[in-house]
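**Student:** First the structure, which I've put down as structure tokens, then a few questions once you've had a look.
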Amino acid sequence: MPADPETPWSLALRSITQPSDGNHQGSVFGGVIMSMIDQASYVEARRHGVHRWLTVAIEKIEFQAPVWMGDMVTCWTRVSRFGTTSVTVEVRVEAERFTTGDAINVTTATVTMVATNAAGKPIPFRSPPSMPIAASGPKPH
């Protein structure tokens, strides 16, 4: 079932690029950005079901601009389609330039995530949580 096209974007992930993310030309490896897209998709999927989520497909990623060392990268997400066991997540990646603070559109991607049980079999994502939920807060002594 398609989601509402007016669904607002949610902040899913934000990170400052590090020297280990870069290549010899001072830009960030595309694979680092692809990993961030995958992580952001998980964050969005997890909002819709407390399960193990697997990435089953990522549509074409085409970079419109490089990400430079020191830029802050932000991944915005929203669901574009709800299935029975899956959600299709749109991811928008922006880079805030270290030198100017300007926000630059880097790329977009569409990622299909599937909820699974402990055996890796697809399950309805609207089912009760399949992951143990740890109690929050400090434990008494």
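Quick note: the coordinates plus some simple rules give every number you see, no bench work behind them. Values in this document were obtained by computation on a predicted structure and should not be read as measured data. Cβ coordinates were reconstructed from backbone atoms using ideal geometry, including for glycine residues, and neighbour counts include every protein chain displayed.
**Student:** Between a first residue in the stretch 22-40 that is touching a residue at least 60 places away in the same chain (Cβ under 8 Å) and a second residue that is among the charged types (D, E, K, R), which pairs have beta carbons less than 7 Å apart while being 6 or more apart in sequence or on different chains?
**Tutor:** So the pair list comes out empty.
**Student:** Turning to a different aspect of this structure: Within the stretch 10-32, count every residue that is surrounded by 14 or more Cβ atoms within 10 Å (Cβ to Cβ), out of contact with any helix residue (DSSP H, G or I) (no Cβ under 6 Å at 6 or more places or on another chain) and either of a type in the set (Lys, Arg) or closer than 27 Å to Thr85 by Cβ (or both).
**Tutor:** 2
**Student:** Follow-up. Go through the stretch 1-31 and report how many residues are assigned to a loop (DSSP other than H, G, I, E, B) and under 19 Å from Ala65 (Cα atoms). Talk me through it step by step, then tell me what you get.
**Tutor:** At the first step, the residues of the stretch 1-31 found to be assigned to a loop (DSSP other than H, G, I, E, B) are 1, 3-9, 17-18, 23-26, 29.
Those left that are additionally under 19 Å from Ala65 (Cα atoms): 17-18, 23-26, 29.
Number satisfying all stated conditions: 7.
**Student:** Further question: Scanning for something farther than 28 Å from Pro124 by Cβ, more than 15 Å from the chain's Cα centre (by Cα) and small (Gly, Ala, Ser), does the stretch 12-22 turn up at least one residue? Quick ask: steps written out before the conclusion?
**Tutor:** As a first pass, look at the stretch 12-22 and keep what is farther than 28 Å from Pro124 by Cβ: 14-22.
Those still in the list that are more than 15 Å from the chain's Cα centre (by Cα) too: 16-22.
Subsequent filtering for residues that are small (Gly, Ala, Ser) retains 20, 22.
Yes, some residue in the stretch 12-22 is farther than 28 Å from Pro124 by Cβ, more than 15 Å from the chain's Cα centre (by Cα) and small (Gly, Ala, Ser).
**Student:** Taking the stretch 46-104, which residues are buried (at least 20 other Cβ atoms within 10 Å of the Cβ) and over 14 Å from the mean Cα position of the chain (by Cα)?
**Tutor:** Gly49, His51, Val67, Asp71, Ser86, Ala95
**Student:** Another question, then. Which one of the conditions (1) surrounded by 16 or more Cβ atoms within 10 Å (Cβ to Cβ); (2) more than 16 Å from Ala3 (Cβ to Cβ); (3) of a type outside the set (Lys, Arg) does Ser127 fail to meet, given that it meets all the rest?
**Tutor:** Failing condition for Ser127: (1).
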